[in-house]
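Data block below; observations after.
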Amino acid sequence: DVKVTQSSRYLVKRTGEKVFLECVQDMDHENMFWYRQDPGLGLRLIYFSYDVKMKEKGDIPEGYSVSREKKERFSLILESASTNQTSMYLCASTSTGIYGYTFGSGTRLTVV
Amino acid sequence: AQKVTQAQTEISVVEKEDVTLDCVYETRDTTYYLFWYKQPPSGELVFLIRRNSFDEQNEISGRYSWNFQKSTSSFNFTITASQVVDSAVYFCALSDPNQAGTALIFGKGTTLSVSS
């Protein structure tokens with residue numbers, strides 16, 4: 001069964017901390033994505049990557065960075081967490097050619 | 001700019017009722033893909049359907065059916081004889097295959113509540 005795995009289901013961090021959200025896929029997909037989901041706003045794209053070491057900004061990249069050193073792993077970094085980054089974070093991957101996007105189960109991050 | 005609009009924020013129905021979730025999209029591209037995803041309370045998005053812009057045939061899968069109309073830029077989703085297990089947030093999404101590493105653009109979602 002193909003999978004996208006997000007390392008934490010729930011996370012509580014303090015304001016100002018550096019936070020790493022990890023995502024790993026086992027499907028050899030080229031493309032990986034980080035979305036943020038907030039009530040009433042739907043899913044908004046933070047960053048995506050279409051190849052190792054490649055990254056592109058999405059709609060709301062401010063306050064975030066990403067890393068993709070290996071094909072299977074795509075990390076989202078909050079350099080200095082703030083309370084307005086409290087949200088559900090969803091990782092997804094897909095192969096080139098726009099077939100099914102597979103999502104992880106999400107990380108619910110609370111910044112206090 | 002590409003955009004997906006799901007005008008219905010919340011819908012409540014009683015079991016066995018039919019319900020239609022609306023999705024209207026905007027794009028200047030001639031080639032694109034449309035998707036529907038279901039997000040149950042557990043949180044994981046579940047893929048329901050993908051439709052490309054050249055295929056306007058309606059699709060039926062069990063109690064689910066989809067109506068794609070390019071003339072009105074709509075891709076509506078109907079659940080027939082709804083069940084409590086259909087309660088979830090449903091997202092419509094649009095993708096442009098002409099860009100490398102393209103991302104999905106989501107609507108804001110429709111929360112469906114089915115009561116027994």
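The values are calculated or read from the model by the stated rules, or taken from the named source; none is laboratory data. Just so we're clear, the structure is a prediction, and the values are computed from it rather than from any experiment. A quick note on method: Cβ atoms are made from the backbone with ideal geometry, for glycine too, and the neighbour counts reach across all protein chains shown.
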What residue, of B:I105, B:I60, B:I79, is within 15 Å of the chain's Cα centre (by Cα), more than 26 Å from B:V13 (Cβ to Cβ) and among the hydrophobic types (A, V, I, L, M, F, W, C)?
-> B:I105
Could you tell me which residue of the stretch A:1-42 is surrounded by the fewest Cβ atoms within 10 Å (Cβ to Cβ), considering only residues that are part of a loop (DSSP other than H, G, I, E, B) and facing chain B (nearest Cβ under 10 Å)?
-> A:G40
What strands (runs of 3 or more DSSP E) lie completely within the stretch B:1-97 and have 1 or more residues being within 12 Å of chain A (Cβ to nearest Cβ)?
-> B:3-5, B:10-14, B:33-39, B:46-52, B:88-95
Any chance B:V4 is in contact with a Ser or Thr (Cβ under 8 Å, 6 or more places away or on another chain) and either surrounded by 14 or more Cβ atoms within 10 Å (Cβ to Cβ) or of a type in the set (K, R) (or both) = no
Qualifying position, being over 25 Å from A:L90 (Cβ atoms) and loosely packed, with under 12 Cβ neighbours inside 10 Å, among B:S71, B:S42 | B:S71
Residue in the stretch A:82-95 that is at pLDDT below 95, outside any strand (DSSP E or B) and loosely packed, with under 14 Cβ neighbours inside 10 Å present | no
